[in-house]
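I have placed the structure first, in the form of structure tokens, so that the comments after it can refer back to it.
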Amino acid sequence: MTAGNPGSAARPLAVAATGLVATVALYMALVAFGNITDFGTNQEFVQHVLAMDTTFKDEDLMWRAVESRTVQDVAYVAIIVWETVAALVLIAASVRWAVALRGGGFARARRTASLGLLMVLLLFGAGFIAVGGEWFAMWQSEDWNGLDAATRNFLVAGLALVVVHLPAGEDGRRAPGDSTR
């Protein structure tokens, strides 16, 4: 694109979106890979959070504890599957963004990125912050509290999602040929 091209204003924003989506894709791929190849480390984390064995052990909350190793392991495997699918969707989105940088057609890349980033937001926001942090009182644990990391991951994915959906042109409209339909 040249400086006189109406779509040229979209290029720096599209490059930023591509980089952010690719960064989250890389992160999620590494998280999934780490959980698959070093299964036991975060398995222990999930077990402790669900068992609530390092919380204040308030009798009004302890009925929520899940002590079944089978249920804990199923939950952990479900988390890994979710991470893996999110990583694959975000990798596909990164490729679509890179291709769109050369020839336009950002709408497809935007939709794919939105799906992958939403998956990350749901995992860390609903899964770790809401369910782990509040329902299983993870915030009470000095040893097994993943709220800071979950919040960081949630914010990075949220920022990427916002950038992906920013209007591309200086006048607030999307670049020509870039509809969201």
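Listed conditions (1) open to solvent by 20 Å² or more (accessible area, probe 1.4 Å); (2) touching a residue at least 12 places away in the same chain (Cβ under 8 Å); (3) of a type in the set (Phe, Trp, Tyr) are all met by PHE124, apart from (1).
Suppose we filter ARG174, ARG181 for residues that are over 30 Å from GLU67 (Cα atoms), modelled with pLDDT under 95, exposed (fewer than 13 other Cβ atoms within 10 Å of the Cβ) and not hydrophobic (A, V, I, L, M, F, W, C); which single one remains?
On the way: ARG174 fails: exposed (fewer than 13 other Cβ atoms within 10 Å of the Cβ).
After ruling out the rest, the residue left standing is ARG181.
Is it the case that segment 138-159 has a residue that's touching a residue at least 60 places away in the same chain (Cβ under 8 Å), closer than 12 Å to VAL49 by Cα and in a helix (DSSP H, G or I)? Break it down stepwise before answering.
So in segment 138-159, the residues touching a residue at least 60 places away in the same chain (Cβ under 8 Å) come out as 138, 140-144, 146, 153, 156-157, 159.
Those left that are additionally closer than 12 Å to VAL49 by Cα: 138, 140-144, 146.
Retained after the next criterion (residues that are in a helix (DSSP H, G or I)): 138, 140.
Yes; the residues of segment 138-159 include at least one that is touching a residue at least 60 places away in the same chain (Cβ under 8 Å), closer than 12 Å to VAL49 by Cα and in a helix (DSSP H, G or I).
Would you check if there is a residue in segment 119-129 being farther than 13 Å from ASN153 by Cβ, out of contact with any His (no Cβ under 7 Å at 6 or more places or on another chain) and assigned to a helix (DSSP H, G or I)? The answer is no; no qualifying residue exists.
The values are calculated or read from the model by the stated rules, or taken from the named source; none is laboratory data. On a predicted model such as this, the values are computed, not experimentally measured, just so you know. Note that each Cβ is placed from the backbone with ideal geometry, even for glycine, and that neighbours are counted across all protein chains shown. Please note that ligands, DNA and RNA were not included when accessible areas were found on the heavy atoms of the full protein model with its side chains. Shrake-Rupley method; radii C 1.70, N 1.55, O 1.52, S 1.80 Å.
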